[in-house]
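Below is one structure, written out as structure tokens; comments come after it.
The values are calculated or read from the model by the stated rules, or taken from the named source; none is laboratory data. Keep in mind that what you see is a predicted model, and the values were worked out from it rather than measured. Heads up, the Cβs are rebuilt from the backbone with ideal geometry, glycines too, and the neighbour counts pull from every protein chain shown.
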């Protein structure tokens, strides 16, 4: 997903790196120009405006997230010998790490989804990338079904959307003044995995 | 809750919510809200710092007003149902209503409002307080269901409260993809989660 021109690519990768350590809203054009050493004129040659650059950054973030998720899932299938291995490996994916860092990443993901929902252009770019994640997770459950590890009555696509929705939707807990105890959340997700999704 | 506000403030928020039903928030002007509510400009700026603050209230309360309907429905269910099976059927029915295709727009409004709250501290405070109230209400309902022996005691009530909200809002992940999951297959999964996890003691 590298942009063709090296200057354009450097601007995107610089802004992307910056986005890993601070909220998107704190990234200014001055900061990106200073960090990359690229001139203002070049920025506006390659991008319509600064928000155009930041859209490219969001798409980059989504692509990288997607690739790492898919790779993780394929490794999980390749290394799981038993249903117990599979359940164990699914935990980190479905629990969602609940550290503050990941809270920030989840908020960034919400911002990115919001943009995809409100702009046709962003939906056309991000929709197919999101579809790749949904399909890849569904494919893992299809394979788990073939191995007799999952509930074959369920639709793998619905399972895929459900597991992702828990991760995205738990943003409501980040916003609230009091949070669920992580252990209580993990217990609940484990019950869903063992009693519903992997039951057969 | 909206009912706690001064009548003028409440009326302004309600009028803005009515407009939000048919217009994106960016297209709504203070003139429209004033005309619809019949309230003076001076009163608006007495109750809100600026027009954006009124729209923030409207976005937050538009959603919570709708969640409050589900909370009320659960409340009625707890009062009226006679058997564990009644309860299970009732929970599935209420859930179906919250996941209906008509609610897609509500889900999107909610995600957009959350995204706005991420960069706007004033809105985040407002939304955080409302979100806390909603989760507390669901937590109380879950606890009450546990006491009646209808909700699974294996589950922390607050975790259950977040779960039902999470899959309702998080399904937005399927709203911007080229393909969409089948509603019936989604309900099949959600029903099973309700039956085997949230109300586990009922079926066993």
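Return yes when residue B:105 is out of contact with any helix residue (DSSP H, G or I) (no Cβ under 9 Å at 6 or more places or on another chain) and under 23 Å from residue A:176 (Cα atoms) and no when it is not. Yes: the conditions hold for residue B:105.
Given the structure, is residue B:127 crowded, with 19+ Cβ neighbours inside 10 Å, over 16 Å from the mean Cα position of the chain (by Cα) and assigned to a helix (DSSP H, G or I)? Spell out the reasoning first.
On the way: crowded, with 19+ Cβ neighbours inside 10 Å: yes; over 16 Å from the mean Cα position of the chain (by Cα): no; assigned to a helix (DSSP H, G or I): yes.
No, not satisfied.
In the condition set (1) more than 9 Å from chain A (Cβ to nearest Cβ); (2) assigned to a helix (DSSP H, G or I), residue B:151 is compliant with all but (2). Scanning region B:50-66 for residues that are in contact with a helix residue (DSSP H, G or I) (Cβ under 8 Å, 6 or more places away or on another chain) and assigned to a loop (DSSP other than H, G, I, E, B) yields a total of 0.
What residue, of B:70, B:137, is at pLDDT 95 or above, surrounded by 18 or more Cβ atoms within 10 Å (Cβ to Cβ) and within 26 Å of residue B:9 (Cα to Cα)? Steps first, answer last, please.
Working: B:70 fails: at pLDDT 95 or above.
Exactly one of B:70, B:137 is at pLDDT 95 or above, surrounded by 18 or more Cβ atoms within 10 Å (Cβ to Cβ) and within 26 Å of residue B:9 (Cα to Cα), namely B:137.
Where helices (runs of 4 or more DSSP H) fall wholly inside region A:1-54, the ranges with 2 or more residues that are more than 14 Å from every other protein chain (Cβ to nearest Cβ), in contact (Cβ under 8 Å) with a residue 40 or more places away in the chain and under 26 Å from the mean Cα position of the chain (by Cα) are A:6-19.
Report whether or not residue B:105 is in a helix (DSSP H, G or I), more than 7 Å from chain A (Cβ to nearest Cβ) and either in contact (Cβ under 8 Å) with a residue 60 or more places away in the chain or surrounded by fewer than 22 Cβ atoms within 10 Å (Cβ to Cβ) (or both). Write out each step before concluding.
Numbers: in a helix (DSSP H, G or I): yes; more than 7 Å from chain A (Cβ to nearest Cβ): yes; either in contact (Cβ under 8 Å) with a residue 60 or more places away in the chain or surrounded by fewer than 22 Cβ atoms within 10 Å (Cβ to Cβ) (or both): yes.
Yes, satisfied.
Only one of the numbered conditions (1) over 25 Å from residue A:131 (Cα atoms); (2) in the same structural domain as residue A:134 (by TED's automatic domain parsing) is violated by residue A:32, and that is (2). Note on region A:10-34: residues that are farther than 25 Å from residue A:106 by Cβ and surrounded by 15 or more Cβ atoms within 10 Å (Cβ to Cβ) total 4. Considering the conditions (1) part of a helix (DSSP H, G or I); (2) without any contact (Cβ under 8 Å) to a residue 60 or more places away in the chain; (3) away from chain A (no Cβ under 13 Å), residue B:82 is excluded by exactly one of them, (1). Among what's in region A:150-175 and is surrounded by 23 or more Cβ atoms within 10 Å (Cβ to Cβ) and not in a helix (DSSP H, G or I), pick the residue that is modelled with the highest pLDDT. Among those residues, the one meeting the criterion is A:150. Report, by residue number, each residue of region A:110-123 that is within 17 Å of the chain's Cα centre (by Cα), more than 7 Å from chain B (Cβ to nearest Cβ) and farther than 14 Å from residue B:115 by Cα. Of everything in region A:110-123, just one residue is within 17 Å of the chain's Cα centre (by Cα), more than 7 Å from chain B (Cβ to nearest Cβ) and farther than 14 Å from residue B:115 by Cα, namely A:122.
The set of residues in region B:154-190 being facing another protein chain (nearest Cβ under 7 Å), over 16 Å from residue A:163 (Cα atoms) and either outside any loop (DSSP other than H, G, I, E, B) or in contact (Cβ under 8 Å) with a residue 40 or more places away in the chain (or both) consists of B:154, B:155, B:158. Only one of the numbered conditions (1) more than 17 Å from residue B:93 (Cα to Cα); (2) surrounded by fewer than 23 Cβ atoms within 10 Å (Cβ to Cβ); (3) at pLDDT 95 or above; (4) within 10 Å of chain A (Cβ to nearest Cβ) is violated by residue B:120, and that is (3). Determine whether residue B:57 is surrounded by 19 or more Cβ atoms within 10 Å (Cβ to Cβ) and farther than 24 Å from residue B:196 by Cα. So residue B:57 passes the test. Only one entry of B:47, B:23, B:6 meets the criterion of being surrounded by 15 or more Cβ atoms within 10 Å (Cβ to Cβ) and more than 24 Å from residue B:135 (Cα to Cα), and that entry is B:47.
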